[in-house]
Amino acid sequence: MSASETVMHQMFSQIVAEYHPFADYLGYQESEDKFIIYYQGANGQQGMVVDTEGNIIADSTLGTARTAGLLAVGVAVLSLFFGGQSDR
């Protein structure tokens with residue numbers, strides 16, 4: 001394995017560990033303008049699509065750390081909205 005492949009595997013392994021802490025990184029596939037990262041989760045083999053800048057474009061699993069973070073932000077926004085309404 002080349003040095004660049006080793007670095008790519010390490011980087012993608014960290015992404016999987018961050019967003020899917022209970023999944024195992026399997027590998028990646030490269031296309032013209034994106035990467036598909038494969039991981040083994042509770043529901044079998046899954047995938048994430050990452051662009052060339054490292055942004056996650058798609059994820060086949062909903063129950064991710066990222067999803068939980070977005071849910072927390074949504075709840076905070078709703079709390080502010082309803083909290084502000086009750087003061088009037």
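The values are calculated or read from the model by the stated rules, or taken from the named source; none is laboratory data. Remember, predicted model here, so these are calculated numbers, not experimental data. No Cβ is skipped: glycine too gets one built from the backbone with ideal geometry, and neighbour counts run over all protein chains shown.
Annotations
- Screening the candidates Y28, Y38 for the property of being touching a helix residue (DSSP H, G or I) at 6+ places or on another chain (Cβ under 7 Å) and under 24 Å from M1 (Cβ atoms) yields one hit, Y28.
- Matching entry among Q29, Q46 (being more than 13 Å from the chain's Cα centre (by Cα) and surrounded by 10 or more Cβ atoms within 10 Å (Cβ to Cβ)): Q29
- Applying a threshold of 7 Å to beta carbon distances and a minimum spacing of six or more residues, or different chains, the list of pairs starting in the stretch 34-52 at a residue that is part of a strand (DSSP E or B) and ending at one that is modelled with pLDDT of 90 or more and charged (D, E, K, R) reads Y39/D24; Q40/D24; V49/K34; V50/K34; D51/K34.
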